[in-house]
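Chemist: The structure follows.
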Amino acid sequence: MAMREIKTGILYVGSNHWDRRLFDELIPLPDGTTYNSYLIFGSEKTALIDSVDPDKQHELIANLENQNLKKLDYVISNHAEQDHSGSIPKVLEAFPGAKVVTNEKCKTMLMELLLLPEEKFITISDKSTISIGDRTLEFIIAPWVHWPETMLTYLREDKMLFPCDLFGAHLATSDLYANDRARVYESAKRYYAEIMMPFRNVIQKHLTKLEDFPMEIIAPSHGPVHRDVNFIIDAYRDWTSDTVKNEVILPYVSMHGSTEKMVQYFIDALIKRDITVKPFNLTKTDIGELAIALVDAATIVIAAPTVLVGPHPAAVYATYLANALRPKARYASVIGSYGWGGKMLEHITSMLGNLKVELLQPVIAKGHPKESDFEAVEKLADAILERHRGIGIV
Ligand code: FEO
């Protein structure tokens, strides 16, 4: 991606990865992603904030070479994951005098992941500062966004925050700034859901800590730069809050139609009760869309048939994912069917241990659902309405 000036002496030197469609061989990237790296000139020294994925290191090096840099003093590493750190060895090769500035834990991880020698590092701690002349870099240790070593860098005089993954979005775009709010909001929410949601509680604390830092620009390491910082901070406050919405998330799969009939009946039962329902047919859904939906919903209901005594594998995957992402849902239940036996219900409920949910009476049909099964589905919808009313979201 072409170099861009954010303000005098602060350049975007990162890269767009337009056609990347999978991250960590796991997370769908419908809109590609960016690896943002920023070059900061002080009156005495020069610092690079994070590098880029090794796939794009040639673009980063070309951007730095275009600056005719005589020397680079510091490479600030906010996060050891390779999409930001992976090109550091190449940068150090190009600028042998540069030192990698990071915290102790990140240093250890970078030495293990990139085989960097210890003498290449300057280790900082929380609130440490480094002067580059007329600009000051201040470091904020912020673990678990989303690895244990993560930190944020604050450029004091410019009131700029470089939070690496935090506030990021997997969105390849020619816009340097978050001008297209609807698109950026959706991408940032997807990113939060997939990457940050398991650490919701710790992020709440980081948001409080950041109130002490006046901010005019937030420049994350994925997606566009934020000049309206409250846009992304307020979104994060909402997503990480304890407030849930009057929504039921319904990941489902059906083999011969029994579970499907109950799912369709349940959808109508919820709609009649003015409860928003978001069904996801697991044979077709983008798992990222499911993750986004999990951010706000009060209730999760998983619907699955029985295969070889357990749940359909697609439901196992969705349940595993929902449990791993630790959404703030308060209630859960199961709808399903079986032919002759099995422990589908026990398998699913045993996989929800991370969730702080009340399990509502499940509905499991033997074979084709009967009148009594549909009545039980009605009762489940009633129970959800009652619970949602009880917490004041209806
Ligand atoms: Fe964008 Fe956790 O790396």
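Chemist: Is it the case that some residue within segment 195-213 is in contact (Cβ under 8 Å) with a residue 40 or more places away in the chain and part of a loop (DSSP other than H, G, I, E, B)? Step through it out loud before you land on a result.
Modeler: The first filter runs over segment 195-213 and keeps only residues in contact (Cβ under 8 Å) with a residue 40 or more places away in the chain, leaving 195-200, 202-203, 206, 209-210, 213.
In the following step, the residues that additionally are part of a loop (DSSP other than H, G, I, E, B) were identified as 213.
Yes: segment 195-213 contains one or more residues that are in contact (Cβ under 8 Å) with a residue 40 or more places away in the chain and part of a loop (DSSP other than H, G, I, E, B).
Chemist: For segment 21-60, how many residues are touching a residue at least 60 places away in the same chain (Cβ under 8 Å) and part of a loop (DSSP other than H, G, I, E, B)?
Modeler: 11
Chemist: If you check S87, S77, which single one turns out to be more than 18 Å from T153 (Cα to Cα) and buried (at least 21 other Cβ atoms within 10 Å of the Cβ)?
Modeler: Working: S77 fails: more than 18 Å from T153 (Cα to Cα).
Every option except S87 fails the conditions.
Per-residue answers, yes or no, for (1) among the hydrophobic types (A, V, I, L, M, F, W, C); (2) over 22 Å from T34 (Cβ atoms):
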{"residue": "D134", "(1), (2)": "no, yes"}
{"residue": "P143", "(1), (2)": "no, yes"}
{"residue": "H146", "(1), (2)": "no, no"}
{"residue": "T150", "(1), (2)": "no, no"}
{"residue": "C164", "(1), (2)": "yes, no"}
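A short reminder: the numbers here are calculations on the coordinates, not readings from a lab. The model shown is predicted, which means the values in this text are computed figures rather than measured ones. So basically every Cβ, Gly included, is an ideal-geometry build from the backbone, and we count neighbours across all protein chains shown.
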